[in-house]
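Where a number appears in this text, it was derived from the coordinates with a stated rule and is not lab data. Just so we're clear, the structure is a prediction, and the values are computed from it rather than from any experiment. We place every Cβ from the backbone using ideal geometry, glycine too, and count neighbours over all the protein chains shown.
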Ligand SMILES: [Zn+2]
């Protein structure tokens, strides 16, 4: 199940990492931004604090693994700061990454963030187009011919359409695929 990435959920992951490292990252302040190119940030000022972008953390289509990686990436910055008094993406940070299971890559280049953002916008648009399909709608498949949507299952761009073709054949196809490849009969 996909967790909702609110402050409590992020703290739970930080606490899990604390249990591994013996540190206290889960006790630091967490704030949110609307930044499109900075997914997460650790600031060493004061006792330290985390900041995460709601553009990603509140996007229900954003993969869980990516959210976890961003949290762990920032935690590795916190850990490096506490253990080595350093910042950046150098060798001690990479050591911290491997301790907490973060991908040891500087992953917040604006290019990556823009790619992700573009992908999410496309998915949102496609999901909106999928919303126009209803059980009972008739479609024309390029190979199987005319058929009727018997059921729609799942969510967002991952929805599946159960189809019953006039030939008697039944098939389950991705609704997004169907939208892009079949004609909708009006
Ligand atoms: Zn970083």
Pull out a ≥ b ≥ c, the square roots of the eigenvalues of the alpha-carbon gyration tensor of the chain, then state rounded if a/c is under 1.5, prolate if not and a/b is larger than b/c, and oblate in the remaining case. prolate
Given a 10 angstrom Cα cut-off, can you work out which residue in 175, 83, 17 is the most mobile in a GNM of the chain? 83
Angle between the Cα long axis of helix 64-84 and the longest principal axis of the chain, 0 to 90 degrees, nearest 10? 10 degrees
FRET efficiency (residue 135, residue 66; Cβ distance; R0 35 Å; to 0.05) is 0.60
For residue 83 and residue 126, calculate 0.36 nm times their separation in residues minus their Cα-Cα distance, and state this gained length in nm to one decimal. 10.9 nm
Burial ordering of 138, 34, fewest other beta-carbon atoms within 10 Å first: 34, 138
What angle, in degrees between 0 and 90 and rounded to the nearest 10, separates the Cα long axis of helix 110-130 from the longest principal axis of the Cα atoms of the chain? 30 degrees
Nearest 10 degrees, 0 to 90: what angle lies between the long axis of helix 91-100 and the longest principal axis of the chain (Cα atoms)? 60 degrees
Fully extended contour minus Cα-Cα distance, from residue 103 to residue 49, at 0.36 nm per residue: 17.4 nm
Need one number: % antiparallel among DSSP beta bridges in the chain, to the nearest 5. 85 percent
How do 133, 84, 75, 56 rank when sorted from fewest to most other Cβ atoms within 10 Å of their own Cβ? 84, 133, 56, 75
Angstrom value of the Kirkwood radius, inverse mean 1/r, which spans all Cα pairs in region 1-95: 13.5 Å
What residue among 42, 144, 32 shows peak mean-square fluctuation when the chain is described by a Gaussian network model with Cα springs under 10 Å? 144
Per DSSP helix of 4 or more residues, -39500 (n - 2.57); summed, then divided by the residues of the chain. What does that give at 222 nm, rounded to the nearest 500? -13500 deg cm²/dmol
Residues 103, 70 in order from fewest to most other beta-carbon atoms within 10 Å are 103, 70
Using alpha carbons only, what's the Rg to Rh ratio of region 58-166 with Rh from Kirkwood? 1.26
The chain: most fluctuating residue of 146, 26, 176 per GNM, C-alpha cutoff 10 Å: 146
